[in-house]
Amino acid sequence: MKQRNGFLREMRRNRTLYAMLLPAVLLAVVILYIPMAGLVVAFKNYQYNLGIFDSPWAKYGGFDNFRFLFISGKGFSITLNTAFYNLFNLVTSQALSMVVAIVITEMRGRIFKRATQSVIFLPYFISWIIVGSFAYNFFNYEIGSLNNMMEALGGARVNLYGIPGAWVFIIMAFNCWKWVGYNSIIYIAAITSIDAECYEAADIDGANIWRKIAYITLPSVKPTVIVIFLLNISRILRGDFQMFFQLIGMNGQLFNATDVIDTYVFRSLISGGDVGMTAAATLYQSVLCFLIIIAVNWLVKRTEPDYALF
Amino acid sequence: MKKAFRSLALALALALLMGMLPAAALAADNPLDTSERVELVMYLFGNEPPRYPAMLEEFNKMALEELNCTLSVYFIGWGEYTTKYPLLLSSNEEIDLIYAATWIDFANLAKRGAFLPLEDLLPIYCAESLKDQPPEALVQGSVDGHVYAYTSNVKTYSAYGAIVRGDLREKYNLPPVTDFDSYAAYLQAIVDNEPSFTDAAGGYNDPLFEDAWMFSKGLHPLTGSTGGVYYIDTTAEKPTVFAAHEWEGFREMAEKMKDWSDRGFWPKSILSITDDGGTMMKQGVAASRVHNFDNYVSDYIQNPNEWKIEWTNLVPKINHLSYLQDTMAVPSSSKHPDRALMLLDKIRTDARYYNMLTYGIEGVDYEFDENGFVKVANQDTFASEPGTWGFRMEKFHRQGVGAPPTYVEEKAALEAAVVPNIFRSFNMDTAPVKNEYAAMQNVYAQYYYPLSVGVSTDLDADIAKLAEQATAAGNDVVKAELQRQVDAFYAANAK
């Protein structure tokens with residue numbers, strides 16, 4: 001009884017604030033929560049004329065649609081691959097972004113600074129399809145520029161398309177190349193918001209540039225790093241499909257090292273188009289992502305309670 | 001007693017009513033009634049030509065006057081069809097006519113209720129055009145005993161062959177290509193003498209060498225098209241389903257392809273090439289490619305005449321491909337299937353309607369030359385046949401200006417080489433084993449495709465790995481199901 005009174009009183013007291021919140025809540029409910037009911041299609045044997053809710057349930061208590069993911073033991077390896085690539089790419093591209101942000105903020109010449117930033121930012125606008133053909137023209141055995149260069153320098157030609165392991169690094173490099181400019185903007189913003197007085201005080205105390213970076217810049221951007229990390233963790237089981245598909249495509253030789261959930265699902269269902277199975281794959285990713293973010297947030301909360309998301 | 005009498009009376013009345021209903025319905029309104037003005041919606045594949053709306057305006061004037069309907073056409077682009085097509089059918093958006101085909105999963109969609117059954121509607125609303133429809137085309141468009149597809153009636157062939165440049169062949173004094181060995185001799189000459197062709201055979205990530213090889217040995221893919229996993233041997237007494245890697249000639253083929261790859265007929269990174277062979281020929285990167293008759297004709301038209309492009313069929317026993325290659329269907333969301341079919345009937349029988357949708361406005365977008373070939377005014381504003389393959393008609397279908405002068409003889413030669421194959425009407429249903437089939441497709445992409453283009457350093461190990469992975473993916477389960485379907489089909493259709 002008391003509880004309900006408390007709730008009503010709270011609502012009455014802050015009614016303006018709640019009214020302001022209402023549109024956002026409504027939007028979230030309509031756009032994010034109501035469509036979740038459609039997830040049920042992952043457990044259905046979808047019929048076009050019956051629609052999502054009237055279609056019959058799939059076999060095996062509704063779990064039939066999930067079987068293709070695990071049937072040949074691939075499910076485990078592609079899940080691991082996806083998590084590994086996302087983590088590896090996250091760490092490398094964020095670390096490099098931070099370095100770039102620090103270097104850019106430390107630059108003196110205004111024109112040179114702007115030019116550098118623009119050049120680093122440029123790859124963000126290049127679509128993966130084009131990057132894919134860059135990669136082919138760069139790495140292929142017969143006419144690739146890398147191999148031409150190696151030969152000119154007296155080395156032997158290498159067929160990179162026959163060495164799956166190399167692609168871990170090639171993918172990492174392309175990912176950094178594409179995202180560093182974009183990500184560094186967030187860090188540049190974080191760094192410029194650091195109080196200039198800190199640096200002036202450090203100058204007076206005789207700190208050199210390395211010390212200033214280590215003791216002022218890095219600790220100040222730490223919250224930004226953690227937030228970005230947490231936000232990206234929620235996507236850790238979603239491969240950047242465009243990147244993997246355009247760089248690797250249908251080259252089966254490389255799949256063992258480069259196959260992620262998204263590419264596996266794409267290849268398996270491209271000619272099937274089974275709505276239930278695609279929904280099942282997405283649900284699988286979402287549930288795992290949800291568990292991971294809960295776990296990571298819990299960890300952060302235990303060690304650095306101020307930085308936890310919720 | 002009274003009660004029993006009353007129920008009897010009721011039953012009698014009911015029986016009478018039920019018997020009368022269809023008759024009443026027929027008498028009340030003429031089925032070909034067009035008094036209500038309707039707006040029909042049609043979805044086609046491809047890109048909308050810039051002058052399409054102008055053409056459609058003219059088309060609709062005609063349709064409104066004669067059939068009291070107007071047509072809106074929407075195009076599903078090549079970049080989005082894999083998602084948009086099933087989405088359109090599942091969203092229950094009102095669509096009256098839509099393009100469909102084997103390669104976009106027609107049978108599965110039909111089985112899952114995406115289309116309306118047409119067997120009762122066609123004789124009423126498409127009576128005229130039905131006269132020109134080969135009976136087997138209706139069989140091929142059927143799933144579970146219902147006709148869902150009203151297919152194009154143009155004959156296409158299962159022939160695959162080598163498209164080579166006659167000018168280069170003559171330059172190196174080579175005899176015409178007649179089989180795989182003479183084709184290899186041509187490719188070897190290119191590799192040895194013409195280094196500017198970096199991909200002599202036009203190999204890319206879906207090259208068709210292995211498909212052509214298997215077809216040439218009399219194997220029939222259960223999908224009816226290229227890139228299949230499961231085959232039957234049509235020359236065998238009773239068809240047995242097997243996966244491509246289980247075929248007794250598989251090892252020989254893998255060796256052949258490895259030999260060709262090692263001789264440099266295509267680049268080592270072939271599986272990462274996404275430009276198709278035709279594009280690479282045009283760019284001067286490839287000196288040949290393997291494809292079908294229609295692609296040869298378009299290569300001939302699009303490339304300089306002095307290249308003297310030639311094509312040789314490498315598959316000795318060919319069939320008419322299933323008419324289900326290109327068809328129109330009525331989605332189950334249609335509110336006016338009767339009127340849609342009446343319009344389709346008109347398009348299929350009236351050259352004015354057909355030519356307008358296919359070539360544009362006469363005198364502005366196209367004209368016919370003295371040979372009856374189509375002369376397109378501007379490829380950029382209205383290229384021929386924008387998505388119209390689903391209702392392409394043999395009697396109206398015309399070649400573009402610039403087709404090979406030998407076109408008619410070559411087509412006649414193909415027609416002469418046709419042998420019947422009842423399995424062209426077989427529609428494989430993978431739904432009961434969809435998980436295993438999906439896993440198998442994936443195993444093939446990873447382990448079979450590389451072998452099929454000779455990308456392997458250790459054939460024995462790679463073949464063993466493929467077999468092992470296929471078994472793990474449930475190859476036996478899929479095979480058993482498909483064998484059951486093939487047996488049932490064979491029992492019902494073999495004479």
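Would the stretch A:139-155 turn up any residue that is away from chain B (no Cβ under 14 Å), in a helix (DSSP H, G or I), under 22 Å from the mean Cα position of the chain (by Cα) and surrounded by 14 or more Cβ atoms within 10 Å (Cβ to Cβ)? Spell out the reasoning first.
Keep residues of the stretch A:139-155 that are away from chain B (no Cβ under 14 Å), which gives A:149-155.
Subsequent filtering for residues that are in a helix (DSSP H, G or I) retains A:149-152.
Subset that is under 22 Å from the mean Cα position of the chain (by Cα): none.
No, the stretch A:139-155 contains no residue that is away from chain B (no Cβ under 14 Å), in a helix (DSSP H, G or I), under 22 Å from the mean Cα position of the chain (by Cα) and surrounded by 14 or more Cβ atoms within 10 Å (Cβ to Cβ).
Can you tell me which residue within the stretch B:422-457, out of those that are more than 12 Å from B:Leu222 (Cβ to Cβ) and assigned to a loop (DSSP other than H, G, I, E, B), is farthest from the other protein chains (Cβ to nearest Cβ)? If we take residues in the stretch B:422-457 being more than 12 Å from B:Leu222 (Cβ to Cβ) and assigned to a loop (DSSP other than H, G, I, E, B), then B:Gly454 is farthest from the other protein chains (Cβ to nearest Cβ).
What helices (runs of 4 or more DSSP H) lie completely within the stretch A:55-134 and have 1 or more residues being more than 14 Å from chain B (Cβ to nearest Cβ) and within 30 Å of B:Ala438 (Cα to Cα)? Spell out the reasoning first.
On the way: elements: A:67-70, A:74-106, A:110-121.
It comes to A:74-106.
Scanning the stretch B:175-194 for residues that are part of a helix (DSSP H, G or I) and in contact (Cβ under 8 Å) with a residue 24 or more places away in the chain yields B:Phe180, B:Tyr183, B:Ala184, B:Tyr186, B:Leu187, B:Gln188, B:Ile190, B:Val191. Residues of the stretch A:280-292 that are open to solvent by less than 30 Å² (accessible area, probe 1.4 Å) and more than 13 Å from chain B (Cβ to nearest Cβ): A:Leu283, A:Gln285, A:Cys289. There is at least one residue in the stretch B:278-285 that is modelled with pLDDT of 90 or more, more than 30 Å from B:Leu116 (Cα to Cα) and touching a Gly at 6+ places or on another chain (Cβ under 7 Å).
Is it the case, given these coordinates, that B:Asp380 is surrounded by fewer than 16 Cβ atoms within 10 Å (Cβ to Cβ) and in a loop (DSSP other than H, G, I, E, B)?
When the stated conditions are applied, B:Asp380 passes them.
Selection within the stretch B:70-85: residues that are part of a strand (DSSP E or B) and of a type outside the set (Phe, Trp, Tyr). The member of this set that is farthest from B:Ala54 (Cα to Cα) is B:Ile76. A single member of B:Met328, B:Met356 is open to solvent by less than 40 Å² (accessible area, probe 1.4 Å) and part of a strand (DSSP E or B), and it is B:Met328. Pairs meeting the criteria (first residue in the stretch B:258-280 and of a type in the set (Ser, Thr, Tyr), second residue open to solvent by 10 Å² or more (accessible area, probe 1.4 Å), beta carbons under 6 Å, at least 6 apart or on different chains) are B:Ser269/A:Tyr141; B:Ser272/A:Tyr136; B:Ser272/A:Gly249.
If you go through the stretch B:30-69, how many residues are among the small types (Gly, Ala, Ser) and in a loop (DSSP other than H, G, I, E, B)? Count: 2.
Given the residues A:Ser234, A:Ser193, A:Ser220, which is the only one that is surrounded by fewer than 15 Cβ atoms within 10 Å (Cβ to Cβ), polar (S, T, N, Q) and within 28 Å of A:Val99 (Cβ to Cβ)?
Selected residue: A:Ser193, the only one of A:Ser234, A:Ser193, A:Ser220 that is surrounded by fewer than 15 Cβ atoms within 10 Å (Cβ to Cβ), polar (S, T, N, Q) and within 28 Å of A:Val99 (Cβ to Cβ).
Only residues that are of a type outside the set (A, V, I, L, M, F, W, C) and either part of a helix (DSSP H, G or I) or facing chain A (nearest Cβ under 10 Å) (or both) were counted in the stretch B:409-421, giving 4. For the stretch B:268-311, filtering for residues that are buried (at least 18 other Cβ atoms within 10 Å of the Cβ), within 14 Å of another protein chain (Cβ to nearest Cβ) and β-branched (Val, Ile, Thr) leaves 3. For the stretch A:243-279, a tally of residues being more than 12 Å from chain B (Cβ to nearest Cβ) and either open to solvent by 10 Å² or more (accessible area, probe 1.4 Å) or outside any helix (DSSP H, G or I) (or both) returns 2. Does the stretch B:477-494 contain at least one residue that is open to solvent by 10 Å² or more (accessible area, probe 1.4 Å), within 10 Å of another protein chain (Cβ to nearest Cβ), closer than 23 Å to B:Gly141 by Cβ and under 24 Å from the mean Cα position of the chain (by Cα)? No, the stretch B:477-494 has no match at all. Within the stretch B:293-315, the set of residues being within 18 Å of B:Ala201 (Cβ to Cβ), more than 23 Å from the chain's Cα centre (by Cα) and not in a helix (DSSP H, G or I) comprises B:Asn303, B:Ile309, B:Glu310. Restricting the stretch A:71-122 to residues that are within 24 Å of A:Ile233 (Cβ to Cβ) and free of Cβ contacts under 8 Å to residues at least 60 places away in the same chain leaves a set whose member that is least open to solvent (accessible area, probe 1.4 Å) is A:Gly75. Applying the criterion of being within 10 Å of chain A (Cβ to nearest Cβ) and surrounded by fewer than 21 Cβ atoms within 10 Å (Cβ to Cβ) to the residues of the stretch B:89-103, the residue that is nearest to B:Asp338 (Cα to Cα) is B:Asn92.
Starting from residues that are surrounded by 13 or more Cβ atoms within 10 Å (Cβ to Cβ) and among the basic types (Lys, Arg), keep the ones in the stretch B:46-88 and report whichever is nearest to the other protein chains (Cβ to nearest Cβ). Result: B:Lys84.
The values are calculated or read from the model by the stated rules, or taken from the named source; none is laboratory data. Predicted model, so just to flag it, every value in this text is computed and none were measured. Don't worry about glycine lacking a Cβ; one is built from the backbone with ideal geometry, like all the others, and counts go over all protein chains shown. Note: areas computed on protein heavy atoms with side chains; ligands, DNA, RNA excluded. Shrake-Rupley method; radii C 1.70, N 1.55, O 1.52, S 1.80 Å.
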